[in-house]
1. Assigning unit charges at the beta carbon (Lys, Arg +1; Asp, Glu -1) and nothing else, what dipole magnitude in debye, to the nearest 20, does chain B show about its Cα centre?
2. Can you work out the FRET efficiency for the pair B:D177 and B:T634, with r the C-beta to C-beta distance and R0 = 35 Å, to the nearest 0.05?
3. By a straight-distance test (C-alpha under 20 Å), which lysines pair with B:K428 as possible cross-link partners, with residues fewer than eight away in the same chain excluded?
4. Taking the Cα centre of the stretch B:372-415 as origin, sum charge times position over the Cβ atoms of Lys and Arg (+1) and Asp and Glu (-1), and report the length of that vector in debye to the nearest 20.
5. Could you point to the residue in B:L644, B:Q765, B:I688 farthest towards the positive end of chain B's charge dipole, with +1 and -1 charges on the Cβ of Lys/Arg and Asp/Glu respectively?
6. Would you mind checking which residues have amide H under 5 Å from A:K5's amide H? H placed 1.01 Å from N; only 5 or more apart, or other chain.
7. Suppose the Debye formula is applied to equal point scatterers at every Cα of the stretch B:668-716; what is log10 I(q)/I(0) at q = 0.28 Å⁻¹?
8. For B:G286, enumerate residues with amide H under 5 Å from its amide H, sequence gap 5+ or separate chain, H modeled in the peptide plane.
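The values are calculated or read from the model by the stated rules, or taken from the named source; none is laboratory data. Only a predicted model underlies this, so the values are computations on that prediction, with no experimental measurement involved. Positions of Cβ are backbone-derived with ideal geometry, glycine not excepted, and every protein chain shown enters the neighbour counts. Areas reflect the complete protein model, heavy atoms only, side chains present, ligands, DNA and RNA absent. Shrake-Rupley method; radii C 1.70, N 1.55, O 1.52, S 1.80 Å.
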Amino acid sequence: MEAEKTVLRLKINGEIFDLVAPVHKSLLEVLREELGLTGTKHGCELGECGTCTVLVNGRPVLSCLTLPIEVQGQEITTIEGVAHNGRPHPLQTAFTELGAAQCGYCTPGMILTAKALLEQTPHPSREQIQEALSGNLCRCTGYLKIFEAVELAAAQLGRSEGGNA
Amino acid sequence: MSTREFSFVGKPGPKVDGLAKCMGLTKYADDLSLPRMAYGKLLRSSEAHARIVALDTSAAEALPGVYAVLTGEALPTQFGIMPVSQDELTLATHKVRYVGDPVAAVAAIDEETAEAACELIKVEYQPLPSVFSIAKALAPVQHAQDRIHEDFGQGGNIHKVVALEFGDTVAGFRQADHIAEDLFFYEGNTHLPMEQHSVLAQYEANGKLTVWSATQTPHYLHRALGVVLDIPMSRMRVIAPPVGGGFGGKDDPFSHELAAAKLAMITGRPVKITLTREEVFYAHRGRHPTLMWIKTGWKRDGTIAAMHCKSYLDGGAHGSYGPASIYYTGALQTSTYQVPAYKFEGVRVFTNKPPCGPKRGHGTPQARYAVEIHLDKVARQLGLNPAELRRRNLIEPHSVTVNWLEITTCGLRECLEKVSKSSGFNEKHGRLPEGQGVGLAVGAYICGAGLPIYWNALPHSEVQLKVDRSGTVTAYSGAIDIGQGSDTVLATIVAEVLGLRPGEIHLVTADTDLTPIDLGSYASRVTMMMGNAALQAARRMRDKLLAPVSRQLGLAAEQLVMKNGRVYDRDNPQQGVSFLETVQLAEAEQGPLTSVGSYTPPPKLGDYKGSGVGPSPAYSYSACVAQVHCDRETGEVRVEKIWLAHDIGQAINETLVIGQVEGGVYMGLGEALMEEYPFRTKLGTHKIPSMLDYKSPTAKDMPPVETILVKEYEERGPFGAKEVGQGPLLVVMPAVANAVYDALGVRIDELPLTAEKVLQALEKQAKGGLGRVGPKELPPFEFPAAIRVEPPEESP
């Protein structure tokens, strides 16, 4: 079946991507299938589990419910864009060190949601972390190591900021 | 006890595959794609039970972009995970057995076209009487053609019946001073892994089939592909990429895997099928809804004289692991308590619902839930503290149970003591303010099944190591990491022996072209079995590497230590060589450096029919205290804290062990409080096949967990290790239920323990009743005479 296609210009992880994709494809599908950015996962494709979370202008967005055309010209961040020059973000090292990723499938969405939280609230309480992550399901960890990892990353980011100042 | 100091074993540390997962670099099955790849879709039955009268695929085949349409006739061979449950077809031919049963498959240019083609397939169904409850499934079936499986099972819709008696329970109950009886119902629920099942199949012109699948059991999938496609296993390659959560939901061979392979063969294109979330609910293989009856006889001193258990399992539409599931609802009651005489009767029925199978704990959570609440009630009847009642009955280490399970180490007494102490159970029990309560439960789980799924005398796990002049160490294992950390266990064990860091070990896993056999990530078997195979391979490699160094330094090999990337004299650490030099010396002398290790469990002790389910090289033990706060107005139960002590033997990686405990507690809380798998009683459609409606605990629902590790060194485990993936879940549900009783004085004898049921129970209590919600009676069903098994002489 020949679907109607649209020209898209997307800014993802600081890079511009020009592409032609079927007009009905979600941002999730375009990221994974058109651009090969498979770090963004999916658990339901119905906006229920948070697994496909990406950041748009720093805010968590469910890529399965987003049409790429809506986010043209905006800053899209996927898990592939969280590290800096190949150096993992403190959230990525904290999640690794503390065992906050078990099967790892919810992890990209968790890390991006946590990144948005820490940018808004650099020193969140446990309750704020729980609230922020409540839309991201994880079936492996029981969430506790994820909370600890976010707290550890917050502390590390706080220290490095202090160092810069 | 081992007094050895480890470099890595037992310490906290990251997963070796953790960083890649956190960077988004790990490739799961659905992340793979190949040039010219087609997308596959399954058409699933809209009927719960019906004869297929006509199936017309012509319109679908004519749709532009469709490469192939597959129906059941193309794959007429039945399959199933167990040799005794070969009752599944890839695609239904004559009849469908549940809403969601695969009927046809399409491969097309894209997913939308494949979906559209599925909609164009015309299926004419002639409905048959459908069965959705245990009670109805036990009733006789009037017409043979109305049976769910006409040629399987033991008549009507009964899949399998078992009845065993160990020792003389009649005499045991006669000698008892106190007798107690209870009924429980454990609702079904599902695994809900975050990753939807996905498969990619490629068939090459030379006749070789390659299948990548999100599976916990690549070896069993390999076998099923061979049987159904009629291709020798030696002409296939099965690869399991890292799995995004399994919990038992990816233990069976599935229709989508077989259909993708066949479509790849027909179209000459790679074919990928990824299930939608709704389809994952239909693939299911989740927890069996189970009705249970338990009767115990007690002596005046608070010890058990006899126990009798009955289980009624709703198996759904297929056999799957069901024959094992039935036995598991009866096999492990004796692994925690000394039971001198024990009778178990179990029946599994077919119903027109997605097939049930092995969810984390496989059959034992239901039974453990029943026993542990029952004991809580008995403690009250006997005027004993629930911890004290259990203490008087604990199984002894190094003993044989009445049903011939060989118990080796058992840290249960220590688990019970430590969890009671750290939670303040004895001080809190019966003494917390109204609405608050504590509950206790203990449990045990196998460290791998003693027998393979299909009978054979071959090793259960094999590991190969290769070391070369670059200093590279590569471990090859068929074990698949489903998040539990098998890669880290493998790397840690090899690294510990060879004196390297776990992250330095290269791993090649779960690829039948490259790796030796491991039976799969199920039954909590991987640390015990793959771990022992890895340990043997690593020790053999160590011997090869040390021989030339030993000669060069003029020191006995036993005098040499491999640590921190060096080989050196135990008494003079300055004298030594680097790991790289060691390897080069050995390769110069011996040529390519490889070693192998394997593991076969010890033989089972029992020789009765059914004795294959329950035996394990060792058993892990857990004890749990839950503290809850209940709202009398809303019925809401809030878990304030969980304390869980687990006898791990020896942690290989402590971070991962605690992670498994916390994950098990989490999943147990979901089962205890909210998760259920309900169907519309007339249509047989699943009520909530979505992640929004299927309630599972979120980040906001998770209480703090205090994990206490008990380390009772297990001779049979690698470095003394036992399992942790499943045992800790078992004790959570009964601990919560017992805590609710302590808080409110009401008994909710069925799961999930919802606010609605709490309110119902409170209402009954207010009217002067028992304040109980739960099953009231057993369905009429006569079990056959039990097979009488004499207990071992030294049993309790």
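1. Its charge dipole is roughly 600 debye.
2. The pair B:D177/B:T634 has a calculated efficiency of 0.25.
3. B:K377, B:K418, B:K641
4. Roughly 220 debye for the stretch B:372-415.
5. B:Q765
6. When sequence neighbours closer than 5 places are left aside, the close amide H contacts are A:V23.
7. For the stretch B:668-716, the Cα-only Debye profile gives -1.09.
8. Hits under the 5 Å cutoff: B:G357.
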